[in-house]
1. List the residues, sorted by chain then number, that are 5 or more residues from E204 or on another chain and whose placed amide H is less than 5 Å from its amide H.
2. Going by average Cβ density within 10 Å per residue, which order do the peptides 90-99, 180-189, 208-217 take, highest to lowest?
3. Please sort 28-40, 77-89 by packing, taking for each peptide the average over its residues of neighbouring beta carbons within 10 angstrom, highest first.
4. Taking amide H positions as placed in the peptide plane 1.01 Å from N, state which residues far from F103 in sequence (5 or more) or on other chains have amide H under 5 Å from it.
5. For a quick check: with amide H placed at 1.01 Å from N, whose amide H comes under 5 Å from I258's, ignoring anything fewer than 5 positions away on the same chain?
6. If you stretched the chain out fully between D194 and K39, how much longer would it get, using 0.36 nm times the residue separation minus the C-alpha to C-alpha distance?
7. In whole Hz, with x marking every Gly and Pro, tabulate ³J(HN,Hα) for segment 57-63 from phi via Karplus 6.51 cos²θ - 1.76 cosθ + 1.60, θ = phi - 60°.
8. Please go through the residue pairs K8/K68; K48/K237; K8/K146 and name each one whose alpha carbons sit more than 31 Å apart in this structure.
Amino acid sequence: MNTFENIKVIIQSIIDSVKEAFLLIEESDQILLINKCAKKIFRYDLSKTYLKDYLLLDCWQELNIILKSKAETESEINLDAFTLKLKGGESLSVNIIIKKNSFDDKKIFLIDIVPNEVSIPSTSIKNFSILPADLQELVSDENVQKIITDFTSSYPTTFIQMELIEKQVDALNELFWIKDSAGNFLIVNNKFCDILGFKKFQLEGKNYMEFVPAHLKKFFNAVEKYQSELKNPIVIKGISMFNFSLSEGKGILEIPVIDIDRKIIALVGFSREIPSTLPINTSKVNEAIFRDIISLVPVPIAVI
């Protein structure tokens, strides 16, 4: 097995965490890896393994010429406002970042595709949304899905609506909370209160940082900044967010709820099972490809 095959799983897990479209292609144009977002954009088909299978000929030729002309002299290529013309008929205005690397004596291009801002049609009835993926992809528990949907569809919530949501969250077996954009608890469930050792009235309306251990405040300030800038969900495992420890295999998932102006209006947090990282031997792999991939991924990552 070659070295690329040795690390294929770990690279795939990294690029799947990216909210933009991300793919790795060979110099021959063959797609080696593609993440979930790119699969949606390109309507990926396993039987079609080359980038040219998904782009109109003029678009593919333009991109190919850029790769061949600049790849010899530039390690990173930035294409602003590039028009991606898909065979399905769609045209997308995107910014593309391309990094060149080599692996197993082959040239590899790491391609990050970031859609430009798009206007929301006036006919849209959705005022709030979850990024970067469908709610079902982020949350497996149907009860949690319903709570988040009820909250976003009724925001700003009335007192009666808030009471109904509180009843739902208290029925959950997992820890659950909703914070406003400033970090103040709007809703906490009984399980969360019990594990912290407080009553609801002692938590709701208070800022979450009051309950974060002192040695972790700088870390969570950085996490807060990351969420504010990128609107990405975060997964916390192996670090106690508050003054308690979760059971083995459990972690925290916190999801931002954003409005039509891409501003965070709330953060929904809850505990859940977090799969362990697959054990992969990377001792003999080309570290440069990891550095390039990680440099394009807008999430904190450490590969040990």
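Every read-out reported here was derived from the displayed coordinates using simple, explicitly stated rules and does not represent laboratory data. These numbers were taken from a predicted model, which means no experiment stands behind them. Every residue, glycine as well, gets a Cβ built from its backbone with ideal geometry; the counts of neighbours run over all protein chains shown.
1. Distant-sequence amide H within range of E204: zero hits.
2. For the peptides 90-99, 180-189, 208-217, the packing ranking is 180-189, 90-99, 208-217.
3. Answer by packing, highest mean first, reads 28-40, 77-89.
4. Long-range HN contacts for F103: I108.
5. Distant-sequence amide H within range of I258: S129, L131, I265.
6. Extra length from D194 to K39 when fully extended: 51.6 nm.
7. Karplus-based 3J(HN,Hα) across segment 57-63 equals 4, 5, 5, 4, 5, 4, 5 Hz.
8. On the way: K8/K68 25 Å; K48/K237 37 Å; K8/K146 35 Å.
Those over the limit are K48/K237; K8/K146.
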